[in-house]
Amino acid sequence: MGMGKKAGSLPQRRVLASAIGLVIASWAGAGLAAEQAPQKAKTPVELGSVTVKGEQTEDYKTESSASAKYAVPLLDTPQTITVVPQALLKEQKALSMKEVLANVSGITFNAGEGGGGSGDSINIRGFSANANMQIDGLRDSSQNNRTDTFNIEAVEVIKGPNSVFGGSGTTGGSINQVSKQPLQRDFTEIGASLGTDNYHRLTLDSNQTLDGVGTGSAMRLNLMAHENDVPGRDYVDRQRWGIAPSLLLGLSDSTRLTLSYFHQTDDNLPDYGVPAINGKRLAGVDRESFFGWRNLDKEEIESDAFTVKLEHDINDSLRLQNLTRYSEIHRDTVISASHVNLDRRRSSSGVGPVLAAGKYLPAGPQAYGRDVTSKMLINQTNLTANFETFGLAHTLVSGVELSRETYDRTTYAYNLAFPDSGYDLSNPPGRWNGPTNKADSANTETRLLDRALYAFDTIALNDYWDLSLGLRYDWVDGDADDHTLATNARTSFNSSDEHLSKRAGLTYKPAENGRIYVAYGDSFNPSAENLATSGAGLSAATQDLEPEKNKTWELGTKWEFLDSRLGLDAALFRVEKSNARETMVDGSTQLAGKQRVQGFELGATGRVTDQWNVYANYTFLDSETLEAANTAAGIAREGQALANTPPRSLNLWTTYDLPAGWRVGYGARYVSERNLTASNDGVKLDAYWLHNAMVGYKVNKELDLQLNLNNLFDKEYVESVRTQVGTTVGAGTTTARSSAIEYGAARSAVLSATYRF
């Protein structure tokens with residue numbers, strides 16, 4: 001894709017590039033003046049639980065969570081929390097959420113096409129986390145393709161059922177994206193990147209302290225413009241731009257107000273991979289072949305969010321924080337599945353001309369549109385107190401959270417008619433040249449309300465033992481209205497659930513640098529959980545069901561070595577879903593299933609020497625469906641591992657600083673063989689190793705150069721999965737069709753330059 005491939009977006013990129021230039025010109029002068037003026041002492045500003053002062057560090061090891069709900073250091077938190085830091089994002093040039101989470105073992109991705117809608121579909125420890133995304137500790141439920149990290153400081157992965165922290169859902173864990181915030185130092189960082197597959201990127205990250213405006217005030221601006229073709233995929237391209245200003249006003253020595261705005265526009269060509277049977281690409285199909293219609297398919301996203309954060313230090317031991325966010329995401333997509341029919345023409349009668357060898361007809365949704373608007377208004381108030389009672393030291397966080405989410409979806413289709421002779425399987429047309437008949441088909445409107453009270457207390461029993469307790473009570477109300485336009489049929493469903501979530505942990509401190517802990521936690525999944533994510537979940541069969549319930553036990557240890565530069569951790573865990581929803585023979589839904597995932601995790605994060613950094617983790621998962629519905633499909637699942645849940649996964653990233661300003665880096669990812677579906681242990685997705693490399697050179701104090709080489713050996717590997725086997729020739733039915741797989745990106749190279757002043 002060249003810069004002019006999509007003319008409609010070119011003016012936007014020019015405007016953004018001009019904006020970056022103006023900011024550079026104006027703020028460069030301010031930065032030069034600041035260097036010449038006498039330097040004033042900077043007042044520390046607390047951002048969540050992290051105080052930033054002076055030079056920004058580039059360490060892998062993170063001491064504390066950015067969420068106010070985790071008030072004690074991660075070393076003292078009795079839970080597996082993996083943080084992907086800013087240093088790693090820069091070294092890897094990791095942009096999408098998939099690229100970021102590739103650094104965390106035990107996470108897999110499902111493909112997005114289907115009734116749930118496209119977008120990031122993430123599994124943690126074998127269970128879906130689609131509705132368990134957060135930004136700065138606030139829910140971010142919309143199912144969306146999170147394509148860029150230009151305004152992300154770090155990503156926290158909190159593993160295990162933990163509804164006390166994240167509300168409903170959180171069976172395998174939750175993901176918290178930490179936004180960039182104004183800092184107490186002046187800097188401007190300009191980034192420019194060029195790469196293979198028409199990769200072009202321009203970013204600006206500029207921070208200015210506001211002397212004379214309140215106490216410790218500052219402002220920060222992040223800008224981004226990006227485009228690239230997807231390596232190894234014909235015609236598939238990505239374009240986007242974004243802007244994220246934030247203003248910190250120090251109203252007094254004890255009160256701070258932060259105003260943040262975020263906007264991003266995406267213009268992508270959706271990619272649903274290639275047709276497959278049993279998780280393997282069909283013979284005669286090239287991995288680069290595109291089975292959609294590039295002049296009809298589209299993904300246009302407009303994301304906007306406005307956040308207000310108010311912090312007030314009541315005294316030295318009592319702090320109040322209030323967060324309010326309004327967000328709106330408009331996502332208009334037209335998708336075409338890469339499922340194919342190799343047998344016969346699909347018709348209502350099940351008859352038609354038999355296709356010649358090497359021919360196919362498209363199957364599944366074709367030129368199928370979803371025009372979705374998701375809105376959220378959420379408020380969260382946290383009160384953090386440090387005090388003593390009866391000789392016991394407490395760190396208590398109490399709070400209230402209120403949210404209202406709406407999801408409005410109109411579905412439509414172009415109603416394509418395919419030729420009886422079909423298309424060449426080895427050379428799909430990729431472009432639609434026939435007639436279209438675009439028409440809306442249905443409208444869905446959903447609402448999800450959540451009100452919650454919570455409290456977490458970490459009690460220092462003595463010098464060696466801490467007790468951590470957490471409670472949260474949720475009131476969750478959901479309703480859905482569906483309107484089928486052709487028949488004018490309308491249905492409405494609603495649900496109301498209340499649930500008390502619990503978490504407890506006991507931490508032993510055998511040494512200043514080590515912890516051993518045991519923890520228990522639970523979570524719940526109401527039928528309305530995904531109403532604001534995909535509009536799905538409520539039906540006549542589910543609206544009156546109790547929530548699914550999950551619980552976890554974890555035994556772990558965390559240690560710090562080398563003057564706290566290097567962190568090592570390990571954990572044994574078991575997660576159980578005791579009453580999974582199951583579809584019965586008569587079509588009803590009952591809470592009849594039971595699933596279990598158990599295993600262990602190992603992690604190493606930090607600086608081994610002054611020159612050598614390492615970030616590594618390993619996860620072993622033993623998953624199984626213990627009980628299922630008394631149907632043929634249900635019985636087939638019993639005793640089988642969960643779909644797309646690899647028993648073993650490993651991630652490694654390491655860098656070494658060489659003399660004369662050089663730095664080298666190496667990354668590896670391993671995912672073992674895993675079940676394609678939860679009911680057929682004989683159908684496996686292949687294991688794979690993936691290798692990446694980086695070479696950096698510091699030209700001088702201001703300028704850095706970096707070359708990233710991704711997928712060094714051009715490995716063909718399945719990144720996202722439709723957990724379906726598929727059927728083709730010989731099926732003799734109108735439902736005969738393949739499944740599909742989505743490959744990860746092929747080999748690519750990106751050269752980046754970063755200039756700081």
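The values are calculated or read from the model by the stated rules, or taken from the named source; none is laboratory data. None of these values were measured; they are calculated from a predicted model. Virtual Cβ from ideal backbone geometry, glycine too; neighbours counted across all protein chains shown.
Some points to look at:
- Subset of segment 642-669 (residues that are more than 18 Å from Leu88 (Cα to Cα) and either among the basic types (Lys, Arg) or surrounded by 16 or more Cβ atoms within 10 Å (Cβ to Cβ) (or both)): Leu642, Ala643, Asn644, Thr645, Pro646, Pro647, Arg648, Ser649
- Number of the exception - Gly279 against (1) buried (at least 19 other Cβ atoms within 10 Å of the Cβ); (2) modelled with pLDDT of 95 or more: (2)
- Every pair of residues 6+ apart whose Cβ atoms lie under 6 Å, when the first sits in segment 704-726 and is farther than 17 Å from Ala753 by Cα and buried (at least 21 other Cβ atoms within 10 Å of the Cβ) while the second is of a type in the set (Val, Ile, Thr) and modelled with pLDDT of 90 or more: Val718/Ile741; Gly726/Ile277
- Filter pass, Ala442 being within 30 Å of Pro362 (Cβ to Cβ) and in a strand (DSSP E or B): yes
- For segment 458-498, a tally of residues being of a type in the set (Ser, Thr, Tyr) and either in contact with a Cys (Cβ under 9 Å, 6 or more places away or on another chain) or closer than 21 Å to Gly535 by Cβ (or both) returns 6.
- Any hit, segment 127-149, residues being of a type in the set (Val, Ile, Thr), surrounded by fewer than 24 Cβ atoms within 10 Å (Cβ to Cβ) and in a loop (DSSP other than H, G, I, E, B): yes
- Residue within segment 281-298 that is in a strand (DSSP E or B) and in contact with a helix residue (DSSP H, G or I) (Cβ under 7 Å, 6 or more places away or on another chain) present: no
Here's the yes/no breakdown for (1) over 18 Å from the mean Cα position of the chain (by Cα); (2) among the polar types (S, T, N, Q); (3) part of a loop (DSSP other than H, G, I, E, B):
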position	(1), (2), (3)
Gln177	no, yes, no
Glu189	yes, no, no
Ala192	yes, no, no
His200	yes, no, no
Asp205	yes, no, no
Gly232	yes, no, yes
Ser246	yes, yes, no
Phe262	no, no, no
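- Segment 494-523, subset aromatic (Phe, Trp, Tyr) and either modelled with pLDDT under 95 or closer than 16 Å to Phe573 by Cα (or both), residue surrounded by the fewest Cβ atoms within 10 Å (Cβ to Cβ): Tyr520
- First in segment 254-278 and farther than 20 Å from Ala305 by Cβ and free of Cβ contacts under 8 Å to residues at least 60 places away in the same chain, second anywhere and buried (at least 17 other Cβ atoms within 10 Å of the Cβ) and among the small types (Gly, Ala, Ser), Cβ under 9 Å, 6 or more apart: Leu269/Gly292
- Selection status of Val164, at pLDDT 90 or above, surrounded by 23 or more Cβ atoms within 10 Å (Cβ to Cβ) and not in a strand (DSSP E or B): yes
- The lone exception for Gly639 - which of (1) modelled with pLDDT of 95 or more; (2) surrounded by fewer than 16 Cβ atoms within 10 Å (Cβ to Cβ); (3) not in a strand (DSSP E or B) it fails: (1)
- Qualifying residues in segment 185-223 (those that are within 25 Å of Ile135 (Cβ to Cβ) and in contact with a Pro (Cβ under 7 Å, 6 or more places away or on another chain)) - the one surrounded by the most Cβ atoms within 10 Å (Cβ to Cβ): Ala218
- Segment 454-464: number of residues that are touching a Lys or Arg at 6+ places or on another chain (Cβ under 7 Å) and in a strand (DSSP E or B): 2
Yes/no matrix, rows are residues, columns are (1) touching a Phe, Trp or Tyr at 6+ places or on another chain (Cβ under 8 Å); (2) without any contact (Cβ under 8 Å) to a residue 24 or more places away in the chain; (3) within 20 Å of Ile158 (Cβ to Cβ):
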| residue | (1), (2), (3) |
| --- | --- |
| Thr446 | yes, no, no |
| Asp450 | yes, no, yes |
| Asp457 | no, no, yes |
| Asp479 | yes, no, no |
| Leu485 | no, no, no |
| Asn488 | no, yes, no |
| Phe493 | no, no, no |
| Asn530 | no, no, yes |
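- Cβ pairs under 6 Å, 6+ apart, first in segment 84-97 and farther than 15 Å from Thr655 by Cα, second among the acidic types (Asp, Glu) and not in a helix (DSSP H, G or I): Leu95/Asp148; Met97/Asp120
Residue-by-condition table, conditions (1) modelled with pLDDT under 95; (2) aliphatic (A, V, I, L, M):
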position	(1), (2)
Gly556	no, no
Phe561	no, no
Leu568	no, yes
Ser578	yes, no
Met584	yes, yes
Glu601	no, no
Arg607	no, no
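- Residue pairs whose Cβ atoms lie under 9 Å apart, sitting 6 or more positions apart in sequence or on different chains, and linking a residue in segment 305-332 that is over 30 Å from Gly369 (Cα atoms) and touching a residue at least 40 places away in the same chain (Cβ under 8 Å) to a partner that is acidic (Asp, Glu) and not in a strand (DSSP E or B), are Thr307/Asp136; Lys309/Asp136; Asp313/Asp253; Leu323/Asp136.
- Boolean, Thr170 is under 25 Å from Ile124 (Cβ atoms) and assigned to a loop (DSSP other than H, G, I, E, B): yes
- Criterion violated by Glu302 - all others in (1) at pLDDT below 95; (2) over 30 Å from Phe418 (Cβ atoms) satisfied: (1)
- Looking only at segment 412-439, and only at residues there that are in a strand (DSSP E or B) and within 33 Å of the chain's Cα centre (by Cα), the one that is farthest from Val274 (Cα to Cα): Ala439
- Spans of strands (runs of 3 or more DSSP E) in segment 642-754 with at least 1 residues more than 28 Å from Lys577 (Cβ to Cβ) and among the charged types (D, E, K, R): 648-657, 662-671, 688-698, 703-710
- Some residue of segment 112-120 being touching a helix residue (DSSP H, G or I) at 6+ places or on another chain (Cβ under 6 Å), modelled with pLDDT under 90, closer than 24 Å to Arg201 by Cβ and surrounded by fewer than 24 Cβ atoms within 10 Å (Cβ to Cβ): yes
- The set of residues in segment 495-510 that are under 28 Å from the mean Cα position of the chain (by Cα) and of a type outside the set (A, V, I, L, M, F, W, C) comprises Ser495, Ser496, Asp497, Glu498, His499, Ser501, Lys502, Arg503, Gly505.
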